[in-house]
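The structure under discussion appears below in the form of C-alpha cells.
The values are calculated or read from the model by the stated rules, or taken from the named source; none is laboratory data. Being a predicted model, the structure only gives us computed values, none of them experimental. Cβ sites come from the backbone with ideal geometry, for glycine too, and all protein chains shown count toward neighbours. Calculation scope for accessible area: heavy atoms of the full protein, side chains included, ligands and nucleic acids excluded. Shrake-Rupley method; radii C 1.70, N 1.55, O 1.52, S 1.80 Å.
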Amino acid sequence: MQKFILTIAGGGSTYTPGIVKSLFSKKEQFPLEELRLYDIDGDRQDKVAIIVKQVVKEFAPDVKFVTTTDPETAFTGADFIFAQMRVGKYSMRELDEKIPLSYGVVGQETCGPGGLAYGLRTIFPMAELIDFVEKYAKPTHWIVNYSNPAAVVAEAMKKLRPNARIINICDMPVATIRNMAAVIGADRNKLVVDYFGLNHFGWFTKVTVDGVDRTDEIRQHAIKYGLLVEDMTKVDAQHSDPSWIKNWKNIQYMMEMFPEYIPNPYMQYYLLGDSIVEHSNPLHTRANEVMEGREKKIFDAVEEFNKTGEVDLSSFYTGVHGQFIVEVAISLAYNQRGRFLVMVENNGAIKNIPHEAMVEIPAYITNDGPEAVRMGEIPTFHKALIEQQYAVEKLIVEAAIEGSYEKALMALTLSKTVPSAFVAKKILDDLMNANKGYWPELK
Ligand code: NAD
Ligand code: G6P
Ligand code: MN
C-alpha cells in the first residue's frame, strides 16, 4: 500500500494536534510515510510540535516527523498539503473583530468588514503557498485548504491560480450535520444533505438517512431549540463553549421567521446583525476567548511538558474538524467519490446565480477533484442574499488584485452587516491603518 507524505501548512495552528490525531486514527486506510509541519512562525510551531511529537510517539511511532520553516523542505515530494494558516494570527483577528464593533457593526473573523480585512491579508500569502507547493510537491498533489476566510480565498485563487490543485473546505456544514445527527439520534456519516450557498452563507434544504427524509424532524427541533443538542460536550468538544452554544441557539430565531430551510449558523451575522452587536462586548471578543481558551490550553500543556516531560493529550481539540479534512483527503487519494460539502465553481449547479461564483454545495470527491451535485433553482430571498454577498467577495478580491481603495469601500458598503457608506469608510480606514504591512496597498 502506498504511503503518503503529508504537510500541514500553518503547523503552529491550535488545530494541528487534533488533525494529526485524526490522521493516525485512520492510519490503516491512509498510511503516512512522513508528516511535516510548515509555518512562518518557527517558535510558535516548535511549541505546538512538542504536543504533536507525543501524538506521533503514542499513535504512529513509525511515521517520520519533520518541522520546518523552509518551503523546499516542507513540500518536496509531498502528496497532500493541509493548509490552515491564519495570516496575522490572533492579534490581527482581535482587531478584525473589535474595529467594526467600535462602530456598532458585527465584529467577526470571517463575516462583514472583519472577514474582508482578513481576506485582504490572506490572498497573496495563499497564492505564494500554492506557488511553493507547485514548485516542490508531486505533480499529483492536492491542497486541502481550511485557511479562512475560505470564501474570499476560494474566489481569489480561482482568479489568481485557476489551475491550482486546491479544494477549499469548511467544517461548519459538517459540524451542523453532526448536531442534526445528534438531534435525530443518527450516525452523522449516514446523513445525506442537500445544501446551497457560499462559504459561511448557506442553507440546508433536505436531510435524508437511509433514504428516509428526516428534514421535518430537524426543522421542528430547530424551530424550538435551534441546533442546540442536550449535551454539546458529549457530541464534540469543538463548538461547545458558551459562545458557540449561543450560535446554535440563534438558529431558532432564524427558523421561527423562515422555517423552510435550515441556515448555517453564520447566517446570524447577516440576518440578526443588530442583536449580535447588542450582545457583543466590544472590549472582549471571540479572539480573546480563543486566546484564553483553546490556545492557552495548548501552551499550558507545553509548559507542563517542559517541567515534567509529560504531555496531557487531552489539551487539544479533536472532533469533526480533524475528521473532515482527513475524510476528504482519503476520498481524493482513493477516488472514493465520497459526498461532502465543499467549495466549487458554480457552473450552473445552483441554476439561477452567477456561473462563476464559488459556491458551497455537495460534491463527489474524486481523485481528479470535486464533481458538483446540482442543487437547481433557489428562491428569490436566498438568491438575492447570495448574490449580494457574492458581489462583496468578488469586489474585495478585485480590490486586492487591482490595489483599489474604491472597490474595497464598495465591498464594505455592500455587506449586509454595514448600515451606510459613511460607516463603511470609517471602518475601512481604521482597518487599513491596522493592517499596514499586511494588506496590498489600496489607492
Ligand atoms: P492559529 O493562529 O493558531 O494558527 C495559524 C498558524 O498559521 C500560525 O502558527 C501562523 O504562524 C501560521 N501562518 C500565518 N501565516 C502563514 C503563512 N504565510 N504560511 C504558513 N503559516 C502561516 O490559528 P487557528 O485558530 O488554529 O486557525 C488556523 C486556520 O484555520 C485559520 O485560518 C482559521 O480561520 C482556519 N479554520 C478554518 C476552518 C474552516 O471551517 N475553514 C475551521 C477552523 C479553522
Ligand atoms: C467554525 C468555522 C471556521 C472558523 C471557526 C472559528 O468551525 O467553520 O471557519 O474558523 O468556527 O472557531 P473559533 O473557535 O476560532 O471561534
Ligand atoms: Mn468555516
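Condition check: more than 16 Å from ligand 2 (Cβ to nearest atom), open to solvent by less than 10 Å² (accessible area, probe 1.4 Å) and out of contact with any Leu (no Cβ under 9 Å at 6 or more places or on another chain). Does Leu191 satisfy that? Considered against the rule, which asks whether it is more than 16 Å from ligand 2 (Cβ to nearest atom), open to solvent by less than 10 Å² (accessible area, probe 1.4 Å) and out of contact with any Leu (no Cβ under 9 Å at 6 or more places or on another chain), Leu191 comes out as no.
I'm checking my understanding of the structure. Among residues of the range 387-443 that are in contact (Cβ under 8 Å) with a residue 24 or more places away in the chain, among the charged types (D, E, K, R) and assigned to a helix (DSSP H, G or I), which one is surrounded by the most Cβ atoms within 10 Å (Cβ to Cβ)? Only one residue tops the list, namely Glu393. Of the listed requirements (1) free of Cβ contacts under 8 Å to residues at least 40 places away in the same chain; (2) under 30 Å from Gln29 (Cα atoms), Pro362 misses just one: (1). Exactly one residue out of Ile81, Ile99 is modelled with pLDDT of 95 or more, part of a helix (DSSP H, G or I) and either within 16 Å of ligand 3 (Cβ to nearest atom) or β-branched (Val, Ile, Thr) (or both), and it is Ile99. Annotation note: Cβ proximity below 8 Å between a residue of the range 130-150 that is part of a strand (DSSP E or B) and a residue that is open to solvent by 60 Å² or more (accessible area, probe 1.4 Å) and not hydrophobic (A, V, I, L, M, F, W, C) (sequence gap 6+ or interchain) occurs for Trp142/Arg165; Ile143/Arg165.
Inspect the range 28-36 for any residue being aromatic (Phe, Trp, Tyr), touching a residue at least 24 places away in the same chain (Cβ under 8 Å) and under 23 Å from Gly309 (Cα atoms) and give the result as yes or no. Reasoning before the result, please.
Pass one, the range 28-36, residues aromatic (Phe, Trp, Tyr): 30.
Retained after the next criterion (residues that are touching a residue at least 24 places away in the same chain (Cβ under 8 Å)): 30.
Keeping just the survivors that are under 23 Å from Gly309 (Cα atoms) gives none.
Among the residues of the range 28-36, not one is aromatic (Phe, Trp, Tyr), touching a residue at least 24 places away in the same chain (Cβ under 8 Å) and under 23 Å from Gly309 (Cα atoms), which makes the answer no.
Return a yes/no flag: does the range 280-302 have any residue that is among the acidic types (Asp, Glu), part of a helix (DSSP H, G or I), within 15 Å of ligand 2 (Cβ to nearest atom) and free of Cβ contacts under 8 Å to residues at least 60 places away in the same chain. Looking through the range 280-302, at least one residue is among the acidic types (Asp, Glu), part of a helix (DSSP H, G or I), within 15 Å of ligand 2 (Cβ to nearest atom) and free of Cβ contacts under 8 Å to residues at least 60 places away in the same chain. Among the listed residues Ala151, Ala156, which satisfies the condition of being of a type in the set (Gly, Ala, Ser) and open to solvent by 10 Å² or more (accessible area, probe 1.4 Å)? Among Ala151, Ala156, only Ala151 is of a type in the set (Gly, Ala, Ser) and open to solvent by 10 Å² or more (accessible area, probe 1.4 Å). Among the residues of the range 338-386, those identified as touching a His at 6+ places or on another chain (Cβ under 7 Å) and open to solvent by less than 10 Å² (accessible area, probe 1.4 Å) are Asn346, Gly348.
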